[in-house]
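Heads up, the thing below is written out as structure tokens.
The values are calculated or read from the model by the stated rules, or taken from the named source; none is laboratory data. Small disclaimer: the values here were computed from a predicted structure and weren't measured. Cβ: placed from backbone, ideal geometry, glycine included. Neighbour counts: every protein chain shown.
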Amino acid sequence: MIYLDYAATTPLLPEVLEAMHRAATRFFANASALHTPGHLAMNEIESARTLLAELVGADPSEIIFTSGATESNNTILRTFAGCRIETSPLEHHSIIELKNSLAGTKLPKLYSFMLANNETGDLLDLSTITQKAQSLPAPKTSPLFDPVSDWGKPLVTDRRGAYLHSDLTQALGKIPLDVKRLNLDYATFSAHKIGGPVGVGALYVKKGVPFQPLLVGGNQEGKRRGGTYNTVGIIGFGAALEKLQREQSWRIYDTRIRALRDSLAKRILSDVPGSSLNTDLEKGKSLPNILNASFKAAEGESIQLYLDAEGIVVSTGSACASGDIKPSHVLMAKTGDAEIAHSSIRFSFGLNNTEKDIEKVMSVLPSIIDRLQKISTIEIKEK
Ligand code: PMP
């Protein structure tokens, strides 16, 4: 099998599998318990927390473990329920769908903009949004500014007119990240995009900014996220982070993987009539591991199935949206062209991919597209 769907999810790294296996037998105790096995489990969780904090330029106390990026995104949006929330139309469904139901008018305002898009890999320059956020004056009163902790102290010390959240799920490990340099108040992460397990993620919450837990009913994570610790999962996340840090994986993505991605793009454009790119390949404009391309008069789902029959695994737009017959909201927002959106394929690379995989794709893709274009009613100029 040639796996080119790493942006949807990744296989567990061998190091992760080993760490989780060890954790399942040694660190099974409830990590909140006061007994020794509980402490040992908590130590492991804290190591993973420190690793993530170091990698993204945060303090460990600013990291909260969650069940994944969906929960992290939901937590921040719900914190700002009733407030003004501004996002781009390119956001993940876990932002967009919730935003529509939370629409409010009060300040402070939340800006939620992903740094790297999961369908096209395009990178957003967050600095203009940061400038806008910093220029909004703080309201005199706001329900978000009043909550007090169990200790009777205000939970919000940093009172501003606007806060900035970014979903960094796809960016983690692919490019260097620093939440302080990006001026973020909140950031979202997920383990299963970096070789860790599904069902684990994290939130960066800057000290002193508004925060409301989504899950209540436990003292875990400083009362910021209730529920018994997923110790084995968090240890798996930690093992993936450790490898990422040790190998400085973003350097490998920037060189070897970028070259693979660009080589596939070039060959698609030269060998497949009616092809176009939906990813901006220029350095700094997109993640190095995602290529989204459209094939005129060929339907994305059909291309995906024909490639699958050849043992090549790709995605049409976002995997989260598959089974949904509507065209990808990201490609519609970017191109405004339903035909382009319906005929799109996302190739997303991981560190296991090699030039051989590109050869295999290019040995079958032109004929698959040709077959589909021949049975299509849409005209292709190049035909
Ligand atoms: N945000 C982005 C940008 C994603 O790519 C994904 C995964 N498709 C998610 C959020 C949801 O992640 P999780 O599966 O960890 O909930």
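Is one or more of the residues making up region 372-383 surrounded by 14 or more Cβ atoms within 10 Å (Cβ to Cβ), at pLDDT 85 or above and among the β-branched types (Val, Ile, Thr)? No, region 372-383 contains no residue that is surrounded by 14 or more Cβ atoms within 10 Å (Cβ to Cβ), at pLDDT 85 or above and among the β-branched types (Val, Ile, Thr).
Of the residues in region 32-42, at least one is of a type in the set (S, T, N, Q) and either in contact (Cβ under 8 Å) with a residue 60 or more places away in the chain or at positive phi (or both).
Would you point out which residue out of Asp308, Asp337, Asp271 is at pLDDT below 95 and of a type outside the set (S, T, N, Q)?
Working: Asp308 fails: at pLDDT below 95; Asp271 fails: at pLDDT below 95.
It is Asp337.
Quick check on my filter: what residues within region 180-229 are among the hydroxyl-bearing types (Ser, Thr, Tyr) and within 16 Å of the ligand (Cβ to nearest atom)?
If we filter region 180-229 for residues that are among the hydroxyl-bearing types (Ser, Thr, Tyr), which is where we start, we get 186, 188, 190, 204, 228-229.
Passing the criteria: Tyr186, Thr188, Ser190, Tyr204.
Return the residues of region 261-303 that are within 18 Å of Ile358 (Cβ to Cβ), surrounded by fewer than 21 Cβ atoms within 10 Å (Cβ to Cβ) and not hydroxyl-bearing (Ser, Thr, Tyr); say none if nothing qualifies. I'd like the intermediate steps shown before the answer.
Keep residues of region 261-303 that are within 18 Å of Ile358 (Cβ to Cβ), which gives 261-272, 275, 277, 279, 281, 286-293, 295, 303.
Then keep just the ones that are surrounded by fewer than 21 Cβ atoms within 10 Å (Cβ to Cβ); that gives 262-263, 265-267, 269-271, 277, 281.
Residues satisfying the conditions are Asp262, Ala265, Lys266, Arg267, Leu269, Asp271, Leu277, Leu281.
Of all residue pairs spaced 6 or more apart or on separate chains, those with beta-carbon atoms under 8 Å, a first member in region 161-181 that is of a type in the set (Asp, Glu) and a second member that is away from the ligand (no atom under 12 Å from the Cβ) are Asp178/Val56; Asp178/Gly57.
Of the candidates Phe27, Phe65, Phe80, the single residue that is hydrophobic (A, V, I, L, M, F, W, C) and within 16 Å of the ligand (Cβ to nearest atom) is Phe65. For region 135-146, check the following and say yes or no: at least one residue is hydroxyl-bearing (Ser, Thr, Tyr), assigned by TED's automatic domain parsing to the domain that holds Ile96 and in contact (Cβ under 8 Å) with a residue 60 or more places away in the chain. The answer is no; no qualifying residue exists. Listed here are the strands (runs of 3 or more DSSP E) enclosed by region 40-142 that have at least 3 residues being within 19 Å of the chain's Cα centre (by Cα): 63-66, 106-112. I want to confirm something. Restricting to region 83-117 and keeping residues that are small (Gly, Ala, Ser) and more than 9 Å from the ligand (Cβ to nearest atom), which single residue is modelled with the highest pLDDT? Filtering region 83-117 for residues that are small (Gly, Ala, Ser) and more than 9 Å from the ligand (Cβ to nearest atom), the one modelled with the highest pLDDT comes out as Ser112. Annotation: Ile129 fulfils all but one of (1) within 11 Å of the ligand (Cβ to nearest atom); (2) touching a strand residue (DSSP E or B) at 6+ places or on another chain (Cβ under 6 Å); the unmet one is (1). Applying the set (1) at pLDDT 95 or above; (2) closer than 26 Å to Gly222 by Cβ to Thr120 leaves exactly one unmet item: (2).
Would region 254-273 turn up any residue that is in contact with a Gly (Cβ under 9 Å, 6 or more places away or on another chain) and either assigned to a helix (DSSP H, G or I) or over 19 Å from Ser348 (Cα atoms) (or both)? Checked region 254-273: at least one residue is in contact with a Gly (Cβ under 9 Å, 6 or more places away or on another chain) and either assigned to a helix (DSSP H, G or I) or over 19 Å from Ser348 (Cα atoms) (or both).
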